[in-house]
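To start, the structure under review is shown below, and the notes come after it.
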Amino acid sequence: MSPAPDPGARHVVITAGPTREHVDPVRFLSNESSGRMGFAIARAAAARGDRVTLIAGPVNLETPPGVTRVDVVSARDMLAAVQEAFRDADVLIMSAAVGDWRPARKLAGKWRKKDDGSDSASLELVRNPDILATVARDKGERLVIGFALETGDGLRRARAKLKRKGADYVVLNDASALNSERATVTVIGRDGSERRIDARSKDEIAAVLVELDAPAPSQ
């Protein structure tokens, strides 16, 4: 059972799971994220006495004890919820797999392109807001941790993401972490530090992440 946070406890905001971008009322673009990593982080933060707000995309997971949960669907929904929760937060951990793109418009009725006999179809996409970069711009001294899932040249891409988005740390993993109970991650700090955590449960990784402090400024 998680202890009740004291009035002076950190407020930790965590995002988890996928987002969905609807093409029409019954179809959507999404990804394979299960949300398990974010929920594990929420459990670990609550266990250490933090006040936790968990902003979750569409997942089938139980809310950890002592955690305030906010359910969202789209990337724009998640951005609004993060901006609201981050107003009085001390820490933001962005573990959600947010969709980069969405259909330019959501059709009011079911998409029936096949009815005209075509063998191919195209779907116009527009870029979603970058939640991590948007929020990190105004983070001040608050701790912000992002995630990067990469399938090739991961370290270089994660380092670039860390710099581009203004986070304090980026947690690098790969596609093997999706829908898995275990993962291997590398925690990359803006001070140049790197810490690899090999083949550990997501609960064990979460316990490390909630103890991170803001890295010292790089020399």
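The values are calculated or read from the model by the stated rules, or taken from the named source; none is laboratory data. On a predicted model such as this, the values are computed, not experimentally measured, just so you know. Glycine gets a Cβ as well: all are built from the backbone with ideal geometry, and neighbour counts include every protein chain shown.
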| request: Only residues that are polar (S, T, N, Q) and outside any strand (DSSP E or B): list them for region 177-196, please. | output: 179, 180, 193
| field | Those residues of region 109-133 which are assigned to a loop (DSSP other than H, G, I, E, B), modelled with pLDDT of 90 or more and of a type outside the set (Gly, Ala, Ser), in sequence order | value | 123, 124, 128, 129, 130
| query | Considering only residues of region 134-163 that are of a type in the set (A, V, I, L, M, F, W, C) and either in a loop (DSSP other than H, G, I, E, B) or touching a helix residue (DSSP H, G or I) at 6+ places or on another chain (Cβ under 7 Å) (or both), which is farthest from residue 79 (Cα to Cα)? | reply | 149
| note | Expected output for region 26-47 (first residue under 16 Å from residue 148 (Cβ atoms) and at pLDDT below 95, partner hydrophobic (A, V, I, L, M, F, W, C) and in a loop (DSSP other than H, G, I, E, B), Cβ below 7 Å, 6+ apart or cross-chain) is 32/178; 33/178
| said: Every residue in region 159-204 that is out of contact with any Leu (no Cβ under 9 Å at 6 or more places or on another chain), within 18 Å of residue 144 (Cβ to Cβ) and of a type in the set (A, V, I, L, M, F, W, C), please. | reply: 160, 162
| said: Among the residues that make up region 168-177, is at least one of them β-branched (Val, Ile, Thr) and either closer than 23 Å to residue 59 by Cβ or over 18 Å from the mean Cα position of the chain (by Cα) (or both)? | reply: yes
| Do we find that residue 52 is free of Cβ contacts under 8 Å to residues at least 40 places away in the same chain and surrounded by 16 or more Cβ atoms within 10 Å (Cβ to Cβ) in this structure? | no
| message | Between a residue in region 56-76 that is on the phi > 0 side of the Ramachandran plot and any residue that is in a loop (DSSP other than H, G, I, E, B) and hydroxyl-bearing (Ser, Thr, Tyr), which pairs come within a Cβ distance under 9 Å, given they are 6 or more apart or on different chains? | response | 66/2
| task | Please verify whether region 67-81 includes one or more residues that are closer than 27 Å to residue 195 by Cα and among the charged types (D, E, K, R). | result | no
